[in-house]
Amino acid sequence: MTGVYALGRGLITPLARVIYRPRIEGKAGVPRTGPVIFASNHLSFIDSIAIPVAAPRPVHFLAKSSYFDKPVSRWFFTAIGAIPVNRGAGQAALDALDQQRVLLDEGSAVALYPEGTRSLDGRLYKGRTGVAFLALQTGAPVVPVGLVGTDKVMPVGAKMPSLRHRITVKFGAPLDLSHHGPAESGRARRHATDEIMAAIHALSGQELANAYNEVPAQNPIDRIKQVMPHERR
């Protein structure tokens, strides 16, 4: 851990627990050492704060590099375990997986959102296979996480979180996905992803969307790609 992260975790975590009084379930089952992937539903900007605050061990997650442009925001995001990354598809997505693989190889914990982006309607969308690929490649167990109420504490578009609502963070039993097969197998990645999403759904209780949470297509080529069958990473 960097000095900023160690200091930030020591200050922000107890303060956030006092102010927001999160309900935390299943924390005892989270592995305290070794590589771990926290795979969570995604409802709000504060999800990436709620998980590190509730987890019994340091957790790292990737955040848009633009969040680190200003000194104050750079200190805050570093303090909560964020690592800057250029978001996007293709090579950017592969680079992000590489960064997370390095953290897991070092025995750290990382948090990821299999849906890819926030759910704007509260439903749980189909998982993309990047999380399963990382788990199968590194052998790290996946701890499913169900976040409840974060969208009420800080809805999309809100500039400050509300103090009127409480959130619930539910940690599920660690998943060993190795029985699905090697990371190179598309079938193994898909089945492992479906197991992860089923565990998240059991914790969050959200309505299932049975579709991918796609960013609106910006051009005709993107629209064609979205309707053509392909593996979502």
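The values are calculated or read from the model by the stated rules, or taken from the named source; none is laboratory data. The structure displayed is predicted, hence computed values, not measured ones. In this analysis, Cβ positions are derived from the backbone assuming ideal geometry, glycine residues included, and neighbour counts consider all displayed protein chains. These accessible areas exclude ligands, DNA and RNA; they are computed on the full protein's heavy atoms, side chains included. Shrake-Rupley method; radii C 1.70, N 1.55, O 1.52, S 1.80 Å.
Against the numbered list (1) part of a helix (DSSP H, G or I); (2) surrounded by fewer than 14 Cβ atoms within 10 Å (Cβ to Cβ), Ala96 comes up short only at (2). Residue count for the range 6-43 satisfying the condition of being at pLDDT below 95, under 25 Å from Arg101 (Cα atoms) and buried (at least 18 other Cβ atoms within 10 Å of the Cβ): 2. In the range 61-83, the residues that are at positive phi form Cβ pairs under 7 Å with partners that are part of a helix (DSSP H, G or I) and at pLDDT below 80, at six or more places apart or across chains, as follows: Gly81/Tyr5.
For the range 161-178, the tally of residues that are in contact (Cβ under 8 Å) with a residue 60 or more places away in the chain and either under 16 Å from Phe38 (Cβ atoms) or surrounded by fewer than 19 Cβ atoms within 10 Å (Cβ to Cβ) (or both) stands at 10. Pairing each residue of the range 139-160 that is small (Gly, Ala, Ser) with any residue that is open to solvent by 40 Å² or more (accessible area, probe 1.4 Å), provided the two are 6+ apart or on different chains, yields C-beta distances under 6 Å for Ala140/Pro35; Gly146/Lys170; Gly149/His165. Once the range 44-90 is narrowed to residues that are open to solvent by less than 20 Å² (accessible area, probe 1.4 Å) and in a strand (DSSP E or B), the residue that is farthest from Ser162 (Cα to Cα) is Val85.
Farther than 28 Å from Asp151 by Cα, in a helix (DSSP H, G or I) and modelled with pLDDT of 95 or more: is that true of Arg223 in this structure? When the stated conditions are applied, Arg223 does not pass them. If you filter the range 123-136 down to residues that are over 14 Å from Arg187 (Cα atoms) and either aromatic (Phe, Trp, Tyr) or open to solvent by 30 Å² or more (accessible area, probe 1.4 Å) (or both), you find that the one that is farthest from the chain's Cα centre (by Cα) is Arg123.
Can Ala209 be described as farther than 18 Å from Val143 by Cα and at pLDDT 95 or above? Step through it out loud before you land on a result.
Working: farther than 18 Å from Val143 by Cα: yes; at pLDDT 95 or above: yes.
Yes, satisfied.
Within the range 107-123, residues that are modelled with pLDDT of 95 or more have Cβ atoms under 9 Å from residues that are part of a strand (DSSP E or B) and open to solvent by 50 Å² or more (accessible area, probe 1.4 Å) in these pairs: Arg123/Leu208, counting only partners at least 6 apart in sequence or on another chain.
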